[in-house]
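Trainee: Okay, here's the structure, questions in a sec.
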Amino acid sequence: MEILAMKREIPGVGEDDFKPHLKAEAARVWELYRIGVFRELCFRKDRPAAALMMECADVKESNQVLETLPLVREGLIDFDVIPLVPYPGFARLFAEYA
């Protein structure tokens with residue numbers, strides 16, 4: 001299942017709070033990318049927030065994976081997790097042939 005995870009800010013967390021954990025965060029993200037759990041990683045252009053496209057069995061698994069990120073474990077970030085399904089609209093193009 002494709003999952004979109006959007007980073008959510010935690011009130012009261014400053015830039016300096018992140019610094020001790022950024023190398024470990026990058027290493028864990030790389031590991032998850034390498035094994036195919038993270039499919040795409042982007043940052044929003046309009047504000048500092050990550051968008052992760054994940055491949056997981058379900059939302060529960062995606063939350064378990066996100067909890068392994070050092071910045072999540074330290075309570076510095078959180079994510080909105082959005083399950084996605086394929087777009088069904090193309091079927092309308094071929095309805096007369098079905």
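Trainee: For residues in the range 29-44 being closer than 19 Å to ASN63 by Cβ and more than 13 Å from the chain's Cα centre (by Cα), which is surrounded by the fewest Cβ atoms within 10 Å (Cβ to Cβ)? Spell out how you get there, then give the answer.
Mentor: Taking the range 29-44 and keeping what is closer than 19 Å to ASN63 by Cβ, we get 29, 31-33, 35-41.
Next cut, more than 13 Å from the chain's Cα centre (by Cα) only: 31, 35.
Values: GLU31: 12, ILE35: 9.
Per the criteria, the residue is ILE35.
Trainee: Further question on the same structure: Kindly provide the set of residues from the range 49-92 that are in contact with a strand residue (DSSP E or B) (Cβ under 7 Å, 6 or more places away or on another chain), among the small types (Gly, Ala, Ser) and closer than 11 Å to MET1 by Cβ, ordered by number.
Mentor: SER62
Trainee: List pairs: first in the range 41-59 and over 15 Å from TRP30 (Cα atoms) and in a loop (DSSP other than H, G, I, E, B), second at pLDDT 95 or above and among the basic types (Lys, Arg), Cβ under 7 Å, 6+ apart or cross-chain?
Mentor: Close Cβ pairs (under 7 Å, with a partner that is at pLDDT 95 or above and among the basic types (Lys, Arg)) amount to ALA49/LYS7.
Trainee: Separate question: Does the range 29-36 contain at least one residue that is assigned to a strand (DSSP E or B) and out of contact with any Ser or Thr (no Cβ under 9 Å at 6 or more places or on another chain)?
Mentor: Scanning the range 29-36 turns up no residue that is assigned to a strand (DSSP E or B) and out of contact with any Ser or Thr (no Cβ under 9 Å at 6 or more places or on another chain).
Trainee: Related question: Could you list, ordered by first residue, the pairs with Cβ atoms under 8 Å in which the first is in the range 1-14 and on the phi < 0 side of the Ramachandran plot and in a strand (DSSP E or B) and the second is of a type in the set (Phe, Trp, Tyr) and surrounded by 14 or more Cβ atoms within 10 Å (Cβ to Cβ), at least 6 apart or interchain?
Mentor: Once the first residue is on the phi < 0 side of the Ramachandran plot and in a strand (DSSP E or B) and sits in the range 1-14, its partners that are of a type in the set (Phe, Trp, Tyr) and surrounded by 14 or more Cβ atoms within 10 Å (Cβ to Cβ) give ALA5/PHE79; MET6/PHE79; LYS7/PHE79; ARG8/PHE79.
The values are calculated or read from the model by the stated rules, or taken from the named source; none is laboratory data. Just so you know, these numbers come straight off a predicted model, no measurement behind them. Please note: Cβ atoms are built from the backbone with ideal geometry, for glycine as well, and neighbour counts cover all protein chains shown.
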